[in-house]
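> I'd like to ask some things about the structure below.
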Amino acid sequence: MQTVQDAAALRATIRGWRSQGQTVGFVPTMGNLHAGHQSLIRLARARADKVVASVFVNPTQFGPNEDFERYPRTLAQDSAALSEQGCDLLFAPEVATLYPFGPANSVLLRVPQITTMLEGAHRPGHFDGMATVVCKLFNLVQPDLAVFGQKDFQQLKVIERMVRDLSLPIKVVSAPIMRADDGLALSSRNQYLSPEERSRAPYIHSTLLQMRELLDAGHAWQAVEQAAHARLVRAGFAPDYAVIRCADQLTEPTGQAGERLVALVAARLGSTRLIDNLLLD
Ligand code: PAF
């Protein structure tokens, strides 16, 4: 696996592949890779001739009181894991490569509507920074397809919408959530949990399963949301939301036949904020 830091080297390698008619799959990450990320690489590997991964902890998607400084940076381990999964090229840029005028002076991309609710409401500016960096990375890599995990369900929807609205010729591929044996969705932030918190964290997944059961049993979605919120509070979580939404636009369910729904939860456990979701087919 080749590792490059600058845009010219990245483009030169990809140009070489393109000249041989090879397709390019892309997996953007913030590093600190776990089995969930590795599954994204394998998916890209299966769908494209060449796989590019980026590792970049993007400053513009963190709020002032969030964990940008303490976000784990583990490039050496990440590089070994990517190479093992069959990644061809690791792009690990400096901040100045992606933000030549500095993060505070960057062009910012705002994807309307879908970014104002849920994560967007609780993390103002997060999706602007995320969409901006993904668009910059897409411009540099110009992949045929890009793989994102369903764990960040709203992020996936924001990217799908950005790609469509900007007519980017990129197929967005979503990868299923990877879970620990006890149901906890894999996340780099799980390592912030104390052992005691880690043992309680799977409660979020069991709450999502219960939301599905209640809906299947015919309860109204509003009642299901209330029950889930109360359940999390009783277990010592501080939920930001526990909701049922339409899986496409994340708007409230309309009750129309055939509507695809998703249950989404975000809750704090101690100082760690966890998110998870479950598609309700
Ligand atoms: O999901 C992530 O790791 C990040 O939000 C992403 C897509 C790499 C953009 O920084």
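The values are calculated or read from the model by the stated rules, or taken from the named source; none is laboratory data. Predicted, not measured: the structure shown is a model, and the values here were computed from it. Glycine also receives a Cβ, built like all others from the backbone with ideal geometry; neighbour counts cover every protein chain displayed.
> Residues VAL133, VAL95: which one is within 13 Å of the ligand (Cβ to nearest atom), farther than 23 Å from LEU168 by Cα and either among the hydrophobic types (A, V, I, L, M, F, W, C) or surrounded by fewer than 20 Cβ atoms within 10 Å (Cβ to Cβ) (or both)?
From the options VAL133, VAL95, the qualifying one is VAL95.
> Among (1) in a loop (DSSP other than H, G, I, E, B); (2) at pLDDT 95 or above; (3) surrounded by 14 or more Cβ atoms within 10 Å (Cβ to Cβ), which single condition is PRO124 missing?
Answer for PRO124: the failing condition is (3).
Per-residue answers, yes or no, for (1) under 22 Å from GLN191 (Cα atoms); (2) under 20 Å from the mean Cα position of the chain (by Cα):
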| site | (1), (2) |
| --- | --- |
| ALA8 | no, no |
| GLY16 | no, no |
| ARG42 | no, yes |
| LYS50 | no, no |
| VAL55 | yes, yes |
| THR74 | yes, yes |
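> Has region 101-111 got at least one residue that is touching a residue at least 60 places away in the same chain (Cβ under 8 Å), under 18 Å from the mean Cα position of the chain (by Cα) and more than 15 Å from the ligand (Cβ to nearest atom)?
no
> Let me ask another. Anything in region 98-121 that is more than 30 Å from LEU264 (Cβ to Cβ) and either surrounded by fewer than 20 Cβ atoms within 10 Å (Cβ to Cβ) or at pLDDT below 95 (or both)? List them, or say none.
Residues satisfying the conditions are PRO100, PHE101, GLY102, ALA104, ASN105.
> Within region 76-92, restricting attention to residues that are among the charged types (D, E, K, R) and crowded, with 19+ Cβ neighbours inside 10 Å, which residue is nearest to the chain's Cα centre (by Cα)?
So the residue we want is ASP78.
> Here is a follow-up. For region 81-121, name all the residues that are outside any helix (DSSP H, G or I) and of a type in the set (Val, Ile, Thr).
Once the filter is applied, which keeps residues that are outside any helix (DSSP H, G or I) and of a type in the set (Val, Ile, Thr), region 81-121 yields VAL107, VAL111, ILE114, THR115, THR116.
> Among the residues of region 185-202, which ones are farther than 18 Å from ASP67 by Cβ and in contact (Cβ under 8 Å) with a residue 60 or more places away in the chain?
ARG200
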